[in-house]
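Shown next, in structure tokens, is the structure this report addresses.
The values are calculated or read from the model by the stated rules, or taken from the named source; none is laboratory data. Here the structure is a predicted model, which is why all the values come from computation and not from measurement. Because the Cβ atoms are built from the backbone with ideal geometry, glycine has one as well, and the counts that use them run over all protein chains shown.
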Amino acid sequence: MENCTFRLAQPGDEALILSFIRALAEYEHMADQVVATPELLREWIFEKKKAEVIFAQAGEKTVGFALFFHNFSTFLGRAGIYLEDLFVLPEERGHGYGKALLKHLAHLAVERGCGRLEWSCLDWNTPSIEFYTKGMEAVPMDEWTVYRLTGETLEAAASEE
């Protein structure tokens with residue numbers, strides 16, 4: 001791996017963040033679901049501070065990103081880091097940048113006193129699952145299913161209050 005460094009996203013990085021989000025959505029066959037804009041990213045990441053982004057750099061080139069936020073474990077009684085998205089450019093895969101990003105996030109979690117680092121992975125994404133379980137020794141949470149309200153179902157649930 002080339003000398004890999006990391007930097008936190010700053011205001012002005014919205015277009016770069018969005019380019020990684022779009023590339024990830026293409027990879028996951030979900031490009032039609034991306035409605036994020038640079039303005040929304042500026043508002044929610046930099047103004048409201050609801051998420052953070054770390055970029056992996058190889059020299060001057062940005063080769064990957066991780067978007068994450070804090071969650072909370074009632075059982076542990078402390079915050080954790082939830083990794084929403086991790087993506088390395090296809091031409092840069094196999095050089096250790098993804099593992100370096102995860103290790104950097106693990107270091108950040110420990111540094112911040114967090115009790116865990118967790119994320120979800122699509123069931124069909126075998127290369128990532130193997131990387132997480134073999135390369136990082138992450139443990140899948142087989143007994144848990146993620147549930148989601150979004151769009152009209154979220155609006156309907158909110159109106160029933």
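Per-structure values
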read-out: Count - residues of the stretch 20-40 that are among the hydroxyl-bearing types (Ser, Thr, Tyr) and in a helix (DSSP H, G or I); value: 1
read-out: Residue within the stretch 134-143 that is modelled with pLDDT under 90, of a type in the set (Gly, Ala, Ser), surrounded by fewer than 16 Cβ atoms within 10 Å (Cβ to Cβ) and on the phi < 0 side of the Ramachandran plot present; value: yes
read-out: Verdict on residue 104 being surrounded by fewer than 18 Cβ atoms within 10 Å (Cβ to Cβ), touching a residue at least 40 places away in the same chain (Cβ under 8 Å) and part of a strand (DSSP E or B); value: no
read-out: Residue satisfying condition, being over 29 Å from residue 142 (Cβ atoms), of a type in the set (Gly, Ala, Ser) and modelled with pLDDT of 95 or more, within set 56, 25, 106; value: 56
read-out: Of residues in the stretch 119-133 being surrounded by 12 or more Cβ atoms within 10 Å (Cβ to Cβ) and outside any loop (DSSP other than H, G, I, E, B), the one modelled with the highest pLDDT; value: 119
read-out: All positions within the stretch 86-101 that are surrounded by fewer than 18 Cβ atoms within 10 Å (Cβ to Cβ) and either closer than 16 Å to residue 138 by Cα or touching a Pro at 6+ places or on another chain (Cβ under 6 Å) (or both); value: 99
read-out: Residue count for the stretch 1-44, restricted to those that are aliphatic (A, V, I, L, M), over 18 Å from residue 104 (Cβ atoms) and in contact with a helix residue (DSSP H, G or I) (Cβ under 7 Å, 6 or more places away or on another chain); value: 7
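Matching residues to (1) assigned to a helix (DSSP H, G or I); (2) out of contact with any strand residue (DSSP E or B) (no Cβ under 8 Å at 6 or more places or on another chain); (3) under 26 Å from residue 122 (Cα atoms):
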position: 18; (1), (2), (3): yes, yes, yes
position: 42; (1), (2), (3): yes, yes, no
position: 46; (1), (2), (3): yes, yes, no
position: 50; (1), (2), (3): no, no, yes
position: 53; (1), (2), (3): no, no, yes
position: 62; (1), (2), (3): no, no, yes
position: 66; (1), (2), (3): no, no, yes
position: 70; (1), (2), (3): no, no, yes
position: 82; (1), (2), (3): no, no, yes
